[in-house]
Amino acid sequence: MHDDTQPAALDDNWQDDANCLGVDPDLFFPERGASTREAKEVCRGCVVREQCLEFALQNGEKFGIWGGLSERERRRIRRQRAQAARSIVGA
């Protein structure tokens, strides 16, 4: 049962509501150079996509599709966040 009083970002059970639940995990960890399109389609419209992405960003997931993004796409977000944090500290 989902507890609506707890903020979604802090919900430890977010995976229970994921579109990928029951899908072959290999789909989300394609061989190098293979298409990520099918995995990203599973993520599209997922109600916990943001929590999944945030989990991957906070835990430094280096492989696979998380929250609909590849490692390269997540690395870009981490760089942007680091730059934003530096600019706030330097302000």
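The values are calculated or read from the model by the stated rules, or taken from the named source; none is laboratory data. In this text the structure is predicted, and so the values were computed from the model without any measurement. Methodologically, a virtual Cβ is constructed for each residue, glycine included, from the backbone with ideal geometry; neighbour enumeration extends over all protein chains shown.
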Exercise. If you take the residues of segment 35-65 that are basic (Lys, Arg) and not in a loop (DSSP other than H, G, I, E, B), which of them is nearest to the chain's Cα centre (by Cα)?
Worked result: 49
Exercise. When the residues of segment 37-63 are filtered to those that are buried (at least 18 other Cβ atoms within 10 Å of the Cβ) and small (Gly, Ala, Ser), which remaining residue is farthest from residue 18 (Cα to Cα)?
Worked result: 56
Problem set entry | Near pairs, Cβ below 7 angstrom, 6+ apart or cross-chain, from segment 20-31 (farther than 10 Å from residue 64 by Cβ) to any residue that is at pLDDT 95 or above and of a type in the set (A, V, I, L, M) | 20/42; 23/42
Seminar exercise, completed: With criteria (1) in contact with a helix residue (DSSP H, G or I) (Cβ under 7 Å, 6 or more places away or on another chain); (2) free of Cβ contacts under 8 Å to residues at least 12 places away in the same chain; (3) acidic (Asp, Glu), residue 54 comes up short on (2)
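Give me a count of the residues in segment 45-56 that are at pLDDT 95 or above and farther than 11 Å from residue 67 by Cβ.
So the answer is 1.
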Problem set entry | Hits in segment 11-34 - residues which are surrounded by 15 or more Cβ atoms within 10 Å (Cβ to Cβ) and either among the small types (Gly, Ala, Ser) or assigned to a loop (DSSP other than H, G, I, E, B) (or both) | 11, 18, 19, 20, 30
